[in-house]
1. All other residues with a Cβ under 13 Å from the Cβ of Pro174 taken together, and with Lys, Arg as +1 and Asp, Glu as -1, what is their net charge?
2. Would you list which lysines come within 27 Å of Lys9, measuring only between C-alpha atoms, while excluding same-chain residues fewer than 8 positions from it?
3. For n ≥ 4 DSSP H runs only, could you compute -39500 (n - 2.57) per run for the chain, divide by its residues and tell me the 222 nm figure to the nearest 500?
4. Quick one: if you stick a label point 7 Å off each Cα along the C-beta vector at Ala301 and Arg123, how many nm between them?
5. Multiplying the sequence separation of Thr335 and Lys176 by 0.36 nm and subtracting their Cα-Cα distance, what value in nm do you get?
6. So, counting K/R as plus one and D/E as minus one, what does the shell of residues with Cβ under 12 Å around Ser6 add up to?
7. Which whole-number percent is the relative contact order of the range 3-340 (Cα, under 8 Å, 6+ apart)?
8. Which of Glu304, Glu245, Glu166 moves most in a GNM of the chain, Cα contacts under 10 Å?
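Read-outs throughout are calculated quantities, based only on the coordinates presented, and are distinct from any laboratory measurement. All figures in this text were calculated on a predicted structure; none of them were measured in a lab. Cβ atoms come from the backbone with ideal geometry, glycine included; neighbour counts cover every protein chain shown.
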Amino acid sequence: MTVFLSIGKIRSLQQCATPRGALAVLALDHRNNLRQLLNPSAPSAVSAADLSSFKRSLVKELAPVSSAVLLDAEFGAAQCIAGQDLPGKIGLVVSLEASGYSGESTARVSRILPEWSVEKTKRMGASAIKLLVYYHPEASTARQMEDLVEQVAADCQKHEILLFLETLSYSLDPAKKKLSPDERRWVVIETARRLTPLGGDILKAEFPLDVAAGAGVANAGAADVGAADPVAQHDEQAWRLACQELSQASVTPWVLLSGSADYETFLRQVASACQAGASGVAVGRAVWRETTDLNAAERRAFLEDTARERMARLTALVDALARPWTDFYTPLEVTPEWYKG
């Protein structure tokens, strides 16, 4: 079923996607966890200037081979605009939430960054909003998170700006840091089923399977689509089936998060996801993780060579395989009096 969107949201999609309608978003809105990566022994020693400098260097090199860039309001978005690191033709997605969560680890609550809002994000010239919610369908905070999604979606509708809804799963058992493979699959798919009807425009979803817990780890380097190795083919068939379930559960286009996957594994996941109906990717550490361990000269060389090639390859892959957003959305009818509505 095709959904009609306002002109403002259609424009947001055009800015964030390739001409064909695929989404290749470079994710760089990390804050506290980026501090941890840059200085594991003393994260608090990483200054605001350090974070901004790191983000600016990555955006300057990788944004031109992306369709959009996801940045935070505190250390990335305004700094990259003011420093002219973000090309004007590349979409800008800005996160709305504060870093981390409040509440217990088994009942997580996402919060909007204090003194930040959808309206301010629109005023700064962003193409889209990103809201991250920690969600488990059976958590005591599930209804609270659903209310937050509806509230932010309504604000985005009012200001005619696109909403990327990112969902992260977690365990309700305090003795277990990770969901079991079966529960992870159910949670990721059920989350899409419950949250996408609440008003978001693009779902940013985790890979529904726990790849590390199943077959395919030993063959993670076989990145080519349709790899000849029978183990890889078996894995990717199972991956596509799980992603097809996710596509059926989501009423909006969805893009695949890279999470903690390494680049070669993520490349395989992306191929499976797009063949199963995904509309693109939102990729962070799988592209640039190694740069956090390098000095300035080494980082620059890695970005100019390896990281840029990785991002360009992912953009080309989703542009070839992803389901375009135009399969889901079309503009409201435009008449000479459309602006009076």
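1. So the surrounding residues net to +2.
2. Lys9 reaches Lys55, Lys60, Lys89, Lys120, Lys122, Lys130, Lys158, Lys204, Lys340.
3. -12000 deg cm²/dmol
4. So the label points at Ala301 and Arg123 sit 4.6 nm apart.
5. Length gained, Thr335 through Lys176: 51.6 nm.
6. 0
7. Numbers: 626 pairs, mean separation 68.8, N = 338.
RCO, the range 3-340: 20 percent.
8. Maximum among the listed residues: Glu304.
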